[in-house]
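Written below as structure tokens is the structure these notes are about.
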Amino acid sequence: MIRPSRSDHRVIGHPQRKIEGLAKSTGRAVYTDDITLPGMLHGKILRSPHPHAEIVSIDTTAAAALEGVHAVITGRDMPVQYGIIPWTPDEYPLCVNRVRYIGDGVAAVAALDEDTANRALGLIDVEYRELPAYLTPQEAAAATTDFIHEPKKPGHNGNVTKRVRLEFGDVDDGLDESELVVEGDYFFEGTTHTPIEPHCAIGLFEGDGKLTVWSATQVPHYLHRELARVLDLEGAKVRVVQPLVGGAFGGKSEPFDLEFCVAKLSMMTGRPVKILYTREEVFYAHRGRHPFHMRYRTGVDGEGKLKAVDAEILLDGGAYASFGLVTTYYAGQLLCAPYALPAYRFDSTRVYTNKPACGPKRGHGSVQPRFAFEVQMDKLAERVGMDPIEFRRLNFIGEDTRTINELRITSNGFLECLEAVERASDWKARFRQLPFGQGLGIAGSTYISGTNYPIYPNDMPQSGVQIQIDRSGRVAVFSGGSEIGQGCDSVVAYIAAEELGVPISHVRVLRGDTDFTPVDLGAYSSRVTFMLGNACIQAARELRAKVQSAVGEAWECPPDRVDLLGGLAVDTADPARSLPIAEAFNLAEARFGTLGATGSYNTPKDVHGEYRGGTIGASPAYSFTAHVAEVRVDVETGIVEVEKIWIAHDCGKALNPVLVEGQMEGSAYMGYAEALMEEQIFKDADHGRAGLHNAPSLLDYRIPTSLDTPAMESFIVESNDPEGPYGAKEAGEGPLHPSIPAIANAIYDAIGVRLDRLPFSPPNVWRRIREAEAGGGLTKPGAPSREVGVAP
């Protein structure tokens with residue numbers, strides 16, 4: 001563990017508890033489904049049994065007549081399209097004319113209890129006319145009729161969501177001039193989020209026309225906007241409350257059908273309505289990792305320096321756009337660090353398919369290409385005869401620079417990350433030296449600390465905080481931040497305690513309610529610590545200055561001699577002179593009036609190029625990560641065991657090292673899971689009902705238990721970003737990226753077999769091993785060929 005550097009901070013940079021940790025660990029924390037309101041009804045949604053079909057008719061008469069049913073709605077009751085990206089709204093709260101995947105919502109009921117609601121669903125008569133279903137992106141891209149969505153322009157393929165083609169530098173010349181070019185085809189299977197808490201929402205429409213929706217969402221502000229727009233309500237009469245969220249990882253970062261349905265059903269019945277997804281519905285709601293089909297050509301010169309990169313990427317987007325416009329850009333834009341690319345081109349196409357919509361999962365849009373590119377880097381290093389870590393050092397982009405696609409890089413601790421995992425894993429002594437079947441692999445990555453622009457264009461702050469000081473010494477922080485388990489409530493508490501000198505236990509964080517908290521755009525793209533943290537510092541320092549001024553006046557000393565720490569105001573020139581912090585606050589209130597301040601944060605606007613799409617991928621700062629993975633491979637069964645992952649992450653500054661380590665190891669765990677186990681796959685016509693999810697339960701969808709999880713060792717690297725709060729950058733998503741290619745590269749070191757398709761499950765690995773044996777035998781890199789059938 002590289003411990004954070006010492007500083008004069010009393011709270012920041014030191015291990016602390018999460019402020020909601022006790023409530024969660026003792027079962028007192030309140031989640032959306034824990035809420036029960038008087039007279040509450042229960043809702044259920046009828047879902048399509050077909051992957052692609054026209055809705056000919058819907059008859060809800062029998063359902064509405066069932067005793068205990070209070071309302072039935074269909075798409076005709078909410079005929080307004082929505083979408084998280086304002087340029088691609090293509091969903092209705094309930095389908096109007098057509099269903100586009102098995103599980104698409106068609107109608108909803110509100111009844112006295114869930115059993116009655118389920119019986120009512122069975123009484124709804126829907127007549128469908130089935131249409132051709134496109135279950136692969138290749139089929140969808142080649143279609144000429146019966147498109148999943150109507151083409152935006154005549155003659156266009158309505159199955160194409162977005163295509164992005166960008167080139168920086170002369171790629172063809174760079175490849176022609178390269179001493180060596182490596183080409184590779186890669187496939188990243190789709191995966192989903194598997195949060196413990198299913199989606200849940202409660203709607204309450206009151207007689208004065210005010211709508212309140214409680215929801216397990218990551219984006220209360222965006223949900224608030226879409227509820228008002230779709231339901232044709234004044235925004236000032238809509239309230240969104242976000243209770244604690246039991247995991248999300250990107251899967252709750254846009255509006256869903258249940259939130260509109262509970263609102264509309266409550267408007268019709270005058271009673272609160274709750275809808276809780278079943279686990280199967282969570283799998284169909286999805287918005288998880290896109291399957292990516294990727295082809296890369298990468299050239300280097302005689303010294304091993306990168307010359308050019310050419311990428312072709314086909315994204316399987318599922319039935320709706322979701323964040324897909326952004327994903328299509330991220331697939332290319334976020335590859336341009338931590339290595340210097342003299343020339344780079346990517347051609348990225350996202351297509352609709354008749355499966356649940358894909359969207360953002362932890363590390364949105366860049367995990368898949370990072371897997372392919374870091375394997376490419378390993379192949380290149382071997383071909384030029386260089387150690388893979390040295391090869392990465394040679395191509396390091398540096399700090400205070402710009403990428404080839406004009407994204408601004410400020411702080412960059414990637415070299416320190418490489419050094420940390422190299423030393424901890426004893427890389428120099430063990431790489432290419434372990435027995436057959438055992439191997440080490442390296443990979444690196446970068447990720448954004450928030451998107452530089454909001455999802456809908458505006459010049460207002462991206463994050464805001466209000467702080468109020470009470471005469472008792474209590475500090476209240478009104479935060480719009482979305483606490484989804486990552487610790488953002490704790491971060492603002494630490495900052496308030498640090499700046500105002502109060503114990504953390506005297507800070508109250510009031511959050512998750514659009515009626516009284518300032519706007520924060522949500523928990524996505526690793527934005528919260530950087531943006532909410534800066535906003536909180538601004539508000540806290542304004543109040544700190546007032547307290548220092550008032551105490552300095554009382555003591556007849558300059559304000560900068562007054563320090564606030566440990567529950568006291570202290571004279572730094574005469575430490576024996578102090579007074580309790582509550583008395584200091586009272587002096588300040590007597591002089592300045594009621595003590596309150598606001599803080600906000602908006603991003604710099606000079607961090608990207610001026611070309612079309614140049615803003616997508618832009619961020620005020622970037623984190624950097626390196627992993628080494630150690631594996632053991634059984635060539636007879638194809639079983640891969642990951643024995644340990646060493647994780648080094650440049651987070652700028654660890655505001656709480658315990659939380660940062662938790663994020664690093666949680667990210668690495670998810671990467672490990674996607675590498676070895678996870679598959680969000682669907683049946684085709686030859687293997688059952690086409691478009692039906694293969695395993696929509698936590699029993700059948702494989703994720704690692706604590707017994708499966710490898711040992712992990714984390715190393716915090718602090719590059720102290722000049723614009724981050726106390727120098728901090730993101731730590732919640734970036735550390736996922738290198739796990740997958742590091743494991744792939746370790747498998748190659750173990751048995752000499754390249755795995756370019758995910759997941760590395762026993763059947764997939766076994767087949768690749770058999771192919772390698774048929775092609776001449778297994779050869780551990782740097783060792784003689786191993787005879788087929790000889791156990792490691």
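In this structure, Thr594 and Glu553 have a Cβ-Cβ separation that, at R0 = 22 Å, corresponds to a calculated FRET efficiency of about 0.75. Restricting the calculation to Cα atoms, the range 214-370 shows an Rg/Rh of 1.12 when the hydrodynamic-style radius is the Kirkwood one.
Give, in nm to one decimal, the length gained when the segment between Glu773 and Lys683 is fully stretched (0.36 nm per residue of separation minus the Cα-Cα distance).
Details: separation 90, 0.36 × 90 = 32.40 nm, distance 3.05 nm.
Computed gain between Glu773 and Lys683 is 29.3 nm.
Bridgeable aspartates and glutamates around Lys264 (alpha carbons under 14 Å apart, same-chain partners fewer than 8 residues away excluded): Asp77, Glu206, Glu226, Asp232. You can think of it this way: the chain between Asp301 and Arg229 has 20.4 nm of extra reach, that is 0.36 nm per residue less the Cα-Cα gap. Label positions at Glu179 and Glu150, each projected 7 Å from the Cα along the C-beta direction, are separated by 5.8 nm. Modelled label positions at Thr709 and Asp560, each set 7 Å beyond Cα in the direction of Cβ, lie 4.7 nm from each other.
Go through the range 231-291 and name the GluC sites (Glu not before Pro) that are in a DSSP coil and have 12 or fewer other Cβ atoms within 10 Å of their Cβ. Don't skip to the end; give the middle numbers.
Values: sites: Glu234, Glu259, Glu280, Glu281; in loops: Glu234.
Qualifying residues, ordered by number: Glu234.
Mind checking which lysines have their Cα closer than 30 Å to the Cα of Lys653? Skip sequence neighbours fewer than 8 apart in that chain. Those lysines meeting the cut-off are Lys18, Lys24, Lys252, Lys361, Lys428, Lys546, Lys605, Lys644, Lys729. Across the protein chains, with a 1.4 Å probe defining accessible surface, the residues Arg632, Arg702 rank Arg702, Arg632 from largest area downward. Counting only residues at least eight positions apart within a chain, or on another chain, the aspartates and glutamates with an alpha carbon under 13 Å from that of Lys780 are Glu382, Asp749.
Do the sum for the chain: with -39,500 (n - 2.57) for every DSSP H run of n ≥ 4, divided by all residues, what is the mean residue ellipticity at 222 nm, to the nearest 500 deg cm²/dmol? Present the calculation step by step, with values, prior to reporting the outcome.
On the way: 19 runs with 213 residues, N = 792.
Value at 222 nm, helices only, nearest 500: -8000 deg cm²/dmol.
Ordering Phe516, Phe431 by accessible area with a probe of 1.4 Å, largest first, what comes out? If you can, show how the numbers build up before the last one.
Values: Phe516 90, Phe431 25 Å².
Largest to smallest exposure gives the sequence Phe516, Phe431.
Under the criterion of Cα pairs below 8 Å and six or more residues apart, the relative contact order for the range 99-188 equals 14 percent. Averaged per residue, the chain has 36 square angstrom of accessible surface, using a 1.4 angstrom probe with ligands and nucleic acids left out.
Here Rg and Dmax of the Cα atoms in Å was calculated from the structure, and among (1) 47.5, 163; (2) 41.4, 157; (3) 27.4, 87 it sits at label (3).
Each residue, Lys428 and Asn694, gets one label point 7 Å from its Cα in the Cβ direction; the gap between the two is 4.4 nm. What FRET efficiency would be calculated for the residue pair Thr572, Arg508, taking the C-beta separation as r and a Förster radius of 25 Å, to the nearest 0.05? Working from the Cβ atoms, E equals 0.30. Near Ala582, once Lys and Arg are set to +1 and Asp and Glu to -1 for all other residues with Cβ below 11 Å from its Cβ, the sum equals -1. Computed with every protein chain present, the accessible area of Leu131 is close to 20 Å² [probe 1.4 Å]. Extension gain for the segment Thr26 to Val658, taken as residue separation times 0.36 nm less the Cα-Cα distance, is 225.5 nm to one decimal.
What is the percent carbon and sulfur in the accessible area of the chain, measuring with a 1.4 Å probe over the protein chains and ignoring ligands? Display every interim value, and only then the final one.
Details: 14080 of 28370 Å².
Roughly 50 percent of what the probe reaches on the chain is carbon or sulfur.
The values are calculated or read from the model by the stated rules, or taken from the named source; none is laboratory data. No experiment lies behind these values; they were computed from the predicted model shown. Here Cβ is always computed from backbone atoms with ideal geometry, including for glycine, and neighbour counts include all displayed protein chains. When the accessible area is computed, the model is the full protein with side chains, heavy atoms only, and any ligands, DNA or RNA have been set aside. Shrake-Rupley method; radii C 1.70, N 1.55, O 1.52, S 1.80 Å.
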